[in-house]
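Here's the structure, in structure tokens; my notes come after.
The values are calculated or read from the model by the stated rules, or taken from the named source; none is laboratory data. Because the structure is predicted, anything quoted here is derived from the model rather than measured. In this analysis, Cβ positions are derived from the backbone assuming ideal geometry, glycine residues included, and neighbour counts consider all displayed protein chains. Ligands, DNA and RNA are excluded from the accessible area calculation, which covers all protein heavy atoms including side chains. Shrake-Rupley method; radii C 1.70, N 1.55, O 1.52, S 1.80 Å.
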Amino acid sequence: MKMDHEAAGLAQVIAGDTAISTVGKEGKGLTYRGYAIEDLAQEASFEEVAYLLIEGKLPTKSDLKKYQDTLKADQAVPDPILKILNELPKLADPMDVLRSACSVLGVIEPENKSHNTNNANNAKQIASRLIPFSASALLYWYLSNFAKVKQIETGENSIAGHFLHLLHDKAPTEEARRALDVSLILYAEHEFNASTFAARVCTSTGSDFYSAIVAAIATLRGPLHGGANEAAMKLIESFKSPDEAEAGILERLQRHDLIMGFGHRVYKDHDPRSNIIKAWANKLAREPKQVVMLSIAERIEKVMWQEKHLFPNLDFYSALVYHFLNIPTFLFTPIFVISRISGWSAHIVEQRENNKLIRPLANYIGPDLLPYLPIEERKG
Ligand code: ACO
């Protein structure tokens, strides 16, 4: 007998212990290492949050300065990878580019890990290398295809600043820097989501750090997971007015289409990250065209709640924030990667600390035992 649909997606299944985050837990909500997401998004920088996730505690002033210097020093992309990036098609999916760049870095700067050992220091060094590296590699590929690459290292001491500086070839405003910084904080970690779980499964076999990150990027790529922010942007842009959006959404719901950027496996009536990022979309919407887009998004939100009791997840209003920051839509999901490397890395280190091969059982629904027929006796 087939499993029911819920059980097939491991919904409600507790698949392991973690001390990294809570998602929608009663009395806690979304926390990273015990700190509420609301406080982190209000007070911290992404670098503080990445340090918190990977090291397990908030940095002191000098820890943070050291960490920022490390991230700055790790912005470089090795020459062989620049050569490969130059050869990749202009119309490649940026997620494929990022996945490939991280994979090749694992060949050039491999993890110093002998079988069955957990060299946590080296793992943490790779984690902090991969965050700025992924921003540099992605934007080098993008700029060499679509604009001019002037330099790959910006000297910016924040990941948000580095990304925006490279993309727009000038230092961003403080407001733009902080808007992206907050979105990186919100995207950094989310317990046993699909990509993190993929990283943990890969890690559980004793594989290396880069392989686990590559598995996670490959998993995040799908539209039901990270890819939803790009789909949400395309949806919002497809309407010219809130009324048109309402009619369009009702029509799509009638056809049982999925509306990207809505719903969540764990949250049942709201995503705590959504209001934080929506406030930034409100703050950044200044031009008349942007104000219209925001009102289209708000109408979609209203209709989704009325019709389906579904609420926007982080991806919906993040899409608008990125759009208002002049980030091309096809770079939205890669930004999710740059941020989530911090959470994935924390999980890889945690999985190794108390490793057990992740190997569940399957519910068999195939045929009963069949007699083996010689090839001459088989019918088409
Ligand atoms: N649009 C329309 N209907 C939806 C949506 C949606 N976005 N989400 C759920 N539903 C409906 C389903 O069709 C289903 O209806 P039914 O019972 O009539 O068949 C019901 O709500 C339950 O949905 P499931 O797919 O069973 O819920 P599940 O927990 O498996 O899915 C998921 C969660 C994948 C996030 C889903 O809500 C979805 O596909 N959303 C759109 C994609 C998206 O935004 N992903 C981003 C996730 S958050 C992140 O990665 C940061």
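Worth a mention:
- 18 Å cut-off, amide nitrogen to a point 7 angstrom out along K65 Cα→Cβ, residues in the range 155-185: 156-158
- Solvent-accessible heavy-atom area per residue, rounded to whole Å², over the chain at 1.4 Å: 50 Å²
- Dipole orientation for the range 228-324: of the candidates P312, I277, L294, I277 has the Cα lying most toward the positive pole (charges on Cβ; Lys, Arg +1; Asp, Glu -1).
- Note: relative contact order over the chain, using C-alpha pairs below 8 Å and six or more positions apart, is 22 percent.
- Set of the range 303-325 residues, backbone N closer than 17 Å to the point 7 Å along the Cα-Cβ line of A247: 303
- Between F262 and N313, the built amide H atoms are under 5 Å apart, and every one of these is 5 or more places off in sequence or on another chain.
- Summarising the amide proton neighbourhood of G29: residues at separation of 5 or more, or on other chains, whose placed amide H is nearer than 5 Å comprise G24.
- Computed from backbone phi with θ = phi - 60° and the Karplus coefficients 6.51, -1.76 and 1.60, the 3J(HN,Hα) list for the range 60-69 is 6, 4, 6, 4, 5, 4, 4, 5, 4, 5 Hz; x is used for glycine and proline.
- Spatially proximal lysines relative to K302 (Cα-Cα < 19 Å; intrachain offsets below 8 disregarded): K234, K240, K268, K278
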